[in-house]
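Following: one structure in structure tokens, then a few remarks.
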Amino acid sequence: MEEKRAVREVHQAVDWIVDHLRGNGDRASGPPVLTSDIMVIARTNARLGLMQRELAARGIACAQPEKSTLIESPVVADMVALLDGLVSPSADLAIAQALRSPLFGASDEDLTWLARCVAHYRPRGAGRWFLTMRHIASTQNADRPSDGGEAPWQTDRHRAETVRAWVTDFQAMQRLLRTRSVHEALVAIFRSKSVLRRFSEAVPASMVAATKAQLQAFLDEALMVNQGRFMTPYQFVRAIKGGARKQAWPSPQHAVRLLTVHGAKGLEAPIVLLLDTHAAPKKAATMSVLVDWPATEMAPQRFVFVAQESRPTRLCKKPVTDGSTGPYNGGKQRVIRGDDTRGIATGLVGPSAAWQSAGQLV
């Protein structure tokens, strides 16, 4: 549910940005709005990644000026999903993300059709998507009806041929990963699938430099993890997903800036859009520490080890809270401060509590 809300919020936010860039927003009577006039602020890079994908799909230049890890880059996330799907065919979501990427160019309609094929074929065991794709690719007579009636791949020859091409590519890449080192296999995949060109064509011209830099860094990482030796593709995927080293990427001058709350401190913009301001409460932590340290005191009043925040110890007679409904959160739920709003001529905050029920940014 929370993921659907995030996607819907991003779609609505991008619609709002497009209206302002076209001169249809509440600043229509003023000077034209430029992409560099807009700043989007969110709590996490994950939400900014969704925003970057949607803006790029609409042809709007955007950039995350803050340093970020490789996996936080949408293009690298697509490549990691491809590797994940190749080494773990049971990872249906990873395969769907890889197919949706510029490498294969599947549309939402294509993935919906493939999901219908999975439901019709009903394969047993893990990896239902890849098993279904292999079945479609191995079907010799597309006109022969199946036991359960006419299958989707029997009525849509064009999509069935596309799936056969996908399976051929998948199997060729799996052979590369089995017979070569991770770096050598990736180099071959980059060449055969024209990775740099395909991803560069899928983003606005101002984002091409950053896109190529991120893909090249992903390729270089295959030589840096364990010096590229004695490393399996699965270990490489784990290393990229768990990587903590942050890098700065080329940032276009005229682009919508995507920043976290921390990274946006001290910056100004005529138009500021705040995302995820009414986030769902986080799950109660386990094995945590609660500290009761009033600002006026020289030392903590209480220091409590808690096994489960949802079931605090009886020794803590008075809950250590910040005055809200849950345990003290260090002020992380506070998004807007007075000095954060300098230079804002137009602002949009979403979603608020009203959005939760009405489904609209306010």
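The values are calculated or read from the model by the stated rules, or taken from the named source; none is laboratory data. Values in this document were obtained by computation on a predicted structure and should not be read as measured data. We place every Cβ from the backbone using ideal geometry, glycine too, and count neighbours over all the protein chains shown. With ligands, DNA and RNA removed, areas are computed over all heavy atoms of the protein, side chains included. Shrake-Rupley method; radii C 1.70, N 1.55, O 1.52, S 1.80 Å.
Each label was represented as a point 7 Å from its Cα along the Cα-to-Cβ direction; for ARG198 and SER107 these points are 1.8 nm apart.
Considering all alpha-carbon pairs of the range 114-243, what whole percent are spaced by more than 17 angstrom? Walk me through the numbers before you get to the answer.
Numbers: 5719 of 8385 pairs.
Here the tail beyond 17 Å accounts for 68 percent of pairs.
Checked against a 25 Å cut-off, the cross-linked pairs LYS4/LYS212; LYS4/LYS241; LYS212/LYS246; LYS67/LYS241; LYS193/LYS246; LYS193/LYS241 give Cα-Cα distances beyond that limit for LYS4/LYS212; LYS193/LYS246. Placing a label point 7 Å from the Cα of ALA244 along the Cα-to-Cβ direction, the residues of the range 209-230 whose backbone N falls under 20 Å of that point are 221-222, 224-227.
Each of TYR121, TYR234 has its accessible area taken with a 1.4 Å probe; listed largest first, they run TYR234, TYR121. Computed over protein heavy atoms with a 1.4 angstrom probe, the accessible surface ordering of ARG47, ARG159, ARG122, largest first, is ARG122, ARG159, ARG47.
Taking the radius of gyration and the Kirkwood hydrodynamic radius from Cα positions alone, what is the Rg/Rh ratio for the range 164-236, to two decimal places? Using Cα coordinates only, the ratio equals 1.02.
Only protein heavy atoms count here; under a 1.4 Å probe, PHE303 has an accessible surface of about 120 Å².
Figure note: PHE305, PHE236 ranked by solvent-accessible area, largest first, 1.4 Å probe, ligands and nucleic acids not counted: PHE305, PHE236.
Descending by average beta-carbon neighbour count within 10 Å, the peptides 38-45, 254-261, 111-118 line up as 38-45, 254-261, 111-118, the highest first. Across the range 58-74, computed HN-Hα scalar couplings (Karplus, 6.51 cos²θ - 1.76 cosθ + 1.60, θ = phi - 60°) run 8, x, 9, 5, 8, 7, 9, x, 6, 5, 9, 7, 4, 5, 6, 7, x Hz from first to last residue, x flagging Gly and Pro. Accessible area per residue was computed with a 1.4 Å probe on protein heavy atoms; ASP169 scores about 50 Å².
GLU150 contributes an accessible area of around 120 Å² to the protein surface, as traced by a 1.4 Å probe with all chains present.
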